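A short worksheet on the structure shown next.
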Amino acid sequence: MTYSPYPPRRPLRRYTSGHALRAGTLLVLWALVLLGIVGCASPVVRQQAPPMASAVWLEGGATIGQTFVAHHAGLAAFDVYVTPEGAPGELVLHLTAPDGPEARIAARGAVPEAEGWVRLAFAPLVDSRQCYYAAELAYEGSGGVHVATAPGDAYLHGALAIDGAPQDAQLAFRLVFDRRTMLAGLAALVAASWVPIGLAGALLLLAPGLALLALAGSLGTAYGWPGRLGLAAGLSAALHPLLFLLADLVGLRLVPAYSSGVCLAALGGLLVWWWRDRRRGGRWRRPLALSEWVRSDAVWPDVALVGVLGLVTVTRFLPIGSLEAPMWGDAYQHTAIVRLLVDRGGLFQDWRPYADLYSFTYHYGFHALAAALHWLTGLGATDATLWMGQILNVLAVLALYPLAVRVAGNRWAGVGAVLVAGLLAPMPMHYLNWGRYTQLAGQVILPVLACLCLDALDAPPGGHRGGAWRLLGLAMLALAGLSLTHYRVLLLAAPLFLGVLAFSRRAERGRRLGRMALLGGGALLLTLPWHLRVLTGKISAVVWDQVVASTGPHPVMLSDLGAVAANVSAYLPVAVWLALPLAVGWGLWRRGRVAAVVALWWFGAFLLVNPQLLHLPGAGTITNFALFIALYIPAAVLLGAALGWGVVAWKTRVAPVVAALVVLGGGAWGATQRLAQPNPAAHALVTRPDVRAAQWIARNTPDDARFLVNSFFAYEGSSVVGSDAGWWLPLLAGRATTLPPLTYVSEEGPRPAYRLWVNGLTAALQGVRLDDAELLAALREHGVTHVYIGQRQGRVNYSGPDVLDPARLADSALFRPIYHQDRVWVFEFLGR
């Protein structure tokens, strides 16, 4: 028998057909709840509140307009807020789609006698989802109306126009959608996008791991089918970067057939394993009968888990439909790396044409997954980055299931862990706002690595068919893949082994130390060529400077810890913080060794991040921010274990039913909270006007054009980051900019002190006149030919004074405006 850390399962309970009916009814009702959550969007979408402090005057013979993007199918009306003056007249709307059909839609609406909304209705537009529209308003009648407006940054995807001229302002408007058409469009979106992309993600991130588990003889462990899927997700995420490294070592250029080949090989391996198992009379010689499942202890936790995972998937997939690109600064470098992996067919050194960088030592596990998704689905690099990030956001939650089961020994623990991390806690959902997908990919692997390590280190010597060695091999693969996926998450795994040793009997420590040495040594051998490359690169010098920092209190890290501690509710809800020590205490009271290991592991991680508290060097190697946004892992696992212990302790027949209802009810509430988390207004760099401007730039500027873009100093002034879509121009328009990806800090540039040279231009722009001689010399030295000011106008995560001002540039004889649409400006630099 394959080694399992759990006692044999209890005999099947004698559930009646009534139990089957109740379980089936609950699943049907839950499907209706899911439909309700997805379709609960109001048919009226308010884009701006009507701030009556500002308005634009509209009278006969004049026009005003507003560009916008409809994010749903079924656009049926355009509302504006007006204050009449004189005898009420009529507003006339002409709606066009500049990027779509030439059809022009007209509508009329009577102006009320008092201020209020005017609805300009028309037949629902079936194909309006994600379409860019231009609305033009005219007034018929005597007098006129004041039409309410809002500041320019109040709306992301358009701008007000007066007599056709774009303004730095917005109308106060609402979009109205026909509910039936909107829901039909959403159903079409699910069928045409969610399902095929989700299946592609499942093939890439579940099938290889399931094949590895099957070939290792571990598919029948007591983790149940959800636990096997969680383990498979972590193993698959670890496998792909190893395959990319292997291809690079043998000089193999990867092509689109890579993804389909890996998936077919995995499915073939599973088929062979199933056939061999069937011939031997194994437990998988026939599918599990529905009647057996209904009569087992697994029915209610499985029903609850399916409902929770459905909600998690909806909350991850629904918000990205309105995004033009992944959000915030990290997403740009991630998308650039994905594009380079695709263009070069694997690992690379030269970042051109997207950046002047000539080394690549950045962890690339996430990017390998996104490139594989691109090859399997045909998605562009930008969309593949966004979709892979959200698929991993689902799997990072599912990957906690087996570890929670390992702690508590029952399925309810896994259900609780998925509920807490997926729907009750803001992390990892909030990673969408930051584009922090590399850390998320590492945290898909991390709990799986922990689970496999615990199994491998606890396995008795001389187990059946070398079960301990097979488990050790899987753990070795996970550790190797993690080391390629995220360096800091790899460091967070280190205290786990100290926790295992701390709670080991003296007689066991020698065996476990030996296995740990084999595990680490094997993982290092698998990835040695890459890590030699990293050690000889610039990134190792950057890390070394932090490691050798002076001992004792480190002011920067102490302030970082204080800032994080002052806002702990942003990382976990207050209720979770309060319940967490109770769960740890319960586990210690039960003498739960694995619960104690998990608690000590993350306490050790806290000390690892803050070595200055122990007067050790290395402060700043990992930030407290990076640690705290990962604390959903121990919180979900330990609170899930507490749920499992509680259900088992409540020895009544209704306990599983009540637990399922509580979990699903809490999940439904949590889903509404998670759907409110995405915040493009604060984090989106790229908008539809930027995409349209990039298309114009690609058609109308020379190939060797180089754009000055908005930027500001970040990370305590050590580096420069972008603050609007200008940063993305190399990917969106194929044109160079003055701002490389953030990896310019740790990669080799085209000249010595490249980081200082890049930073120098941003410094030169601060607080000087446009005709300043030093500034003009810096612009010429950097090869600037054009200037780009994006829709966000340099205000994403930056509120300082030093942004590119279109009014100043337009008034200067050194710059000539050649494009102005919405809030986007393009200038030609004439001082070259």
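The values are calculated or read from the model by the stated rules, or taken from the named source; none is laboratory data. Everything numeric here is computed off the predicted structure, so don't read it as measured data. Reconstructed Cβ throughout: ideal geometry from the backbone, glycine too, with neighbour counts over all protein chains shown. Accessible surface areas use protein heavy atoms only, side chains included; no ligands, DNA or RNA. Shrake-Rupley method; radii C 1.70, N 1.55, O 1.52, S 1.80 Å.
Within region 714-753, which residues are in a helix (DSSP H, G or I) and open to solvent by less than 10 Å² (accessible area, probe 1.4 Å)? Don't jump to the end; show me each part of the working.
Kept after step one, since they are in a helix (DSSP H, G or I), are these residues of region 714-753: 725-732, 742-745.
Correct list: 725, 726, 727, 728, 729, 730, 743, 744.
May I ask you to list the residues in region 58-86 that are touching a Gly at 6+ places or on another chain (Cβ under 6 Å) and aliphatic (A, V, I, L, M)? Selection gives 58, 73. Of the set (1) under 23 Å from residue 179 (Cα atoms); (2) in contact (Cβ under 8 Å) with a residue 40 or more places away in the chain, all apply to residue 97 but (2). With respect to (1) touching a residue at least 12 places away in the same chain (Cβ under 8 Å); (2) over 29 Å from residue 643 (Cβ atoms); (3) open to solvent by 10 Å² or more (accessible area, probe 1.4 Å), the lone exception for residue 614 is condition (1). The residue that is least open to solvent (accessible area, probe 1.4 Å), among those in region 779-816 that are in contact with a strand residue (DSSP E or B) (Cβ under 7 Å, 6 or more places away or on another chain) and of a type in the set (Gly, Ala, Ser), is 790. Got a number for residues in region 163-178 being farther than 16 Å from residue 68 by Cβ and either aliphatic (A, V, I, L, M) or in a strand (DSSP E or B) (or both)? Residues flagged as farther than 16 Å from residue 68 by Cβ and either aliphatic (A, V, I, L, M) or in a strand (DSSP E or B) (or both) within region 163-178 amount to 1.
Taken over region 485-499, the criterion of being open to solvent by 40 Å² or more (accessible area, probe 1.4 Å) and closer than 20 Å to residue 337 by Cα is satisfied by 487, 488. In a residue-by-residue description of region 817-830, the property of being at pLDDT 95 or above, touching a helix residue (DSSP H, G or I) at 6+ places or on another chain (Cβ under 7 Å), buried (at least 17 other Cβ atoms within 10 Å of the Cβ) and on the phi > 0 side of the Ramachandran plot applies to at least one position.
Let's see how each residue does on (1) within 29 Å of residue 679 (Cβ to Cβ); (2) open to solvent by 40 Å² or more (accessible area, probe 1.4 Å):
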{"residue": "432", "(1), (2)": "yes, no"}
{"residue": "439", "(1), (2)": "yes, no"}
{"residue": "452", "(1), (2)": "no, no"}
{"residue": "458", "(1), (2)": "no, no"}
{"residue": "461", "(1), (2)": "no, yes"}
{"residue": "469", "(1), (2)": "no, yes"}
{"residue": "478", "(1), (2)": "no, no"}
{"residue": "483", "(1), (2)": "no, no"}
{"residue": "501", "(1), (2)": "no, no"}
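Condition first: open to solvent by 10 Å² or more (accessible area, probe 1.4 Å) and in a helix (DSSP H, G or I). Now tell me which residues in region 212-228 satisfy that. Hits for region 212-228 are 212, 215, 225, 228.
The requirement of being buried (at least 22 other Cβ atoms within 10 Å of the Cβ), in a helix (DSSP H, G or I), at pLDDT 95 or above and out of contact with any Phe, Trp or Tyr (no Cβ under 7 Å at 6 or more places or on another chain) is satisfied by residue 201.
Residues checked against (1) part of a helix (DSSP H, G or I); (2) crowded, with 17+ Cβ neighbours inside 10 Å; (3) under 28 Å from the mean Cα position of the chain (by Cα):
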site: 658; (1), (2), (3): yes, no, no
site: 663; (1), (2), (3): yes, yes, yes
site: 673; (1), (2), (3): yes, no, yes
site: 690; (1), (2), (3): yes, yes, yes
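Within region 293-310, is even one residue within 30 Å of residue 432 (Cβ to Cβ), modelled with pLDDT of 95 or more and not in a helix (DSSP H, G or I)? Scanning region 293-310, I find no residue that is within 30 Å of residue 432 (Cβ to Cβ), modelled with pLDDT of 95 or more and not in a helix (DSSP H, G or I), so the answer is no.
Is region 127-147 home to any residue that is in a helix (DSSP H, G or I), open to solvent by less than 10 Å² (accessible area, probe 1.4 Å) and of a type in the set (Gly, Ala, Ser)?
Within region 127-147, the subset in a helix (DSSP H, G or I) is none.
No; the residues of region 127-147 include none that is in a helix (DSSP H, G or I), open to solvent by less than 10 Å² (accessible area, probe 1.4 Å) and of a type in the set (Gly, Ala, Ser).
Of all residues in region 114-141, those that are over 19 Å from residue 71 (Cβ atoms) and without any contact (Cβ under 8 Å) to a residue 40 or more places away in the chain have Cβ atoms under 8 Å from Cβ atoms of residues that are surrounded by fewer than 17 Cβ atoms within 10 Å (Cβ to Cβ) and not basic (Lys, Arg), 6 or more apart or on another chain, in 118/110; 118/112. Restricting to region 315-351, and then to whatever is modelled with pLDDT of 95 or more and of a type in the set (D, E, K, R), can you tell me which residue is nearest to residue 687 (Cα to Cα)? Among them, the one singled out is 324. All conditions but one from (1) out of contact with any helix residue (DSSP H, G or I) (no Cβ under 9 Å at 6 or more places or on another chain); (2) closer than 30 Å to residue 541 by Cβ apply to residue 665; the one that does not is (2). Scan region 318-347 for residues that are open to solvent by less than 10 Å² (accessible area, probe 1.4 Å) and free of Cβ contacts under 8 Å to residues at least 24 places away in the same chain and the total you get is 1. Selection of first residues in region 456-469 that are closer than 17 Å to residue 214 by Cβ and of second residues that are at pLDDT below 85 and open to solvent by 60 Å² or more (accessible area, probe 1.4 Å), restricted to Cβ pairs under 7 Å at least 6 apart or on distinct chains, gives the following pairs, ordered by first then second residue: 464/1.
Across region 184-198, what is the number of residues that are open to solvent by less than 20 Å² (accessible area, probe 1.4 Å) and more than 14 Å from residue 376 (Cβ to Cβ)? Summing the residues that are open to solvent by less than 20 Å² (accessible area, probe 1.4 Å) and more than 14 Å from residue 376 (Cβ to Cβ) in region 184-198 gives 1. Taking the criterion of being within 30 Å of the chain's Cα centre (by Cα) and open to solvent by 60 Å² or more (accessible area, probe 1.4 Å), the residues of region 163-183 that qualify are 179, 183.
The conditions of being in contact (Cβ under 8 Å) with a residue 24 or more places away in the chain and crowded, with 24+ Cβ neighbours inside 10 Å are not met by residue 682.
Does residue 644 meet the test of being in contact with a Gly (Cβ under 6 Å, 6 or more places away or on another chain), under 25 Å from residue 447 (Cα atoms), small (Gly, Ala, Ser) and not in a loop (DSSP other than H, G, I, E, B)? Against the criterion (in contact with a Gly (Cβ under 6 Å, 6 or more places away or on another chain), under 25 Å from residue 447 (Cα atoms), small (Gly, Ala, Ser) and not in a loop (DSSP other than H, G, I, E, B)), residue 644 does not qualify. Take the conditions open to solvent by 10 Å² or more (accessible area, probe 1.4 Å), over 30 Å from residue 515 (Cα atoms), touching a residue at least 24 places away in the same chain (Cβ under 8 Å) and in a helix (DSSP H, G or I) and apply them to residue 394. Does it pass? So residue 394 passes the test.
Out of all the residues in region 229-245, which are open to solvent by 10 Å² or more (accessible area, probe 1.4 Å) and either modelled with pLDDT under 95 or over 25 Å from residue 301 (Cα atoms) (or both)?
Narrowing region 229-245 to residues open to solvent by 10 Å² or more (accessible area, probe 1.4 Å): 229, 239, 242-243.
Of everything in region 229-245, those that are open to solvent by 10 Å² or more (accessible area, probe 1.4 Å) and either modelled with pLDDT under 95 or over 25 Å from residue 301 (Cα atoms) (or both) turn out to be 239, 242, 243.
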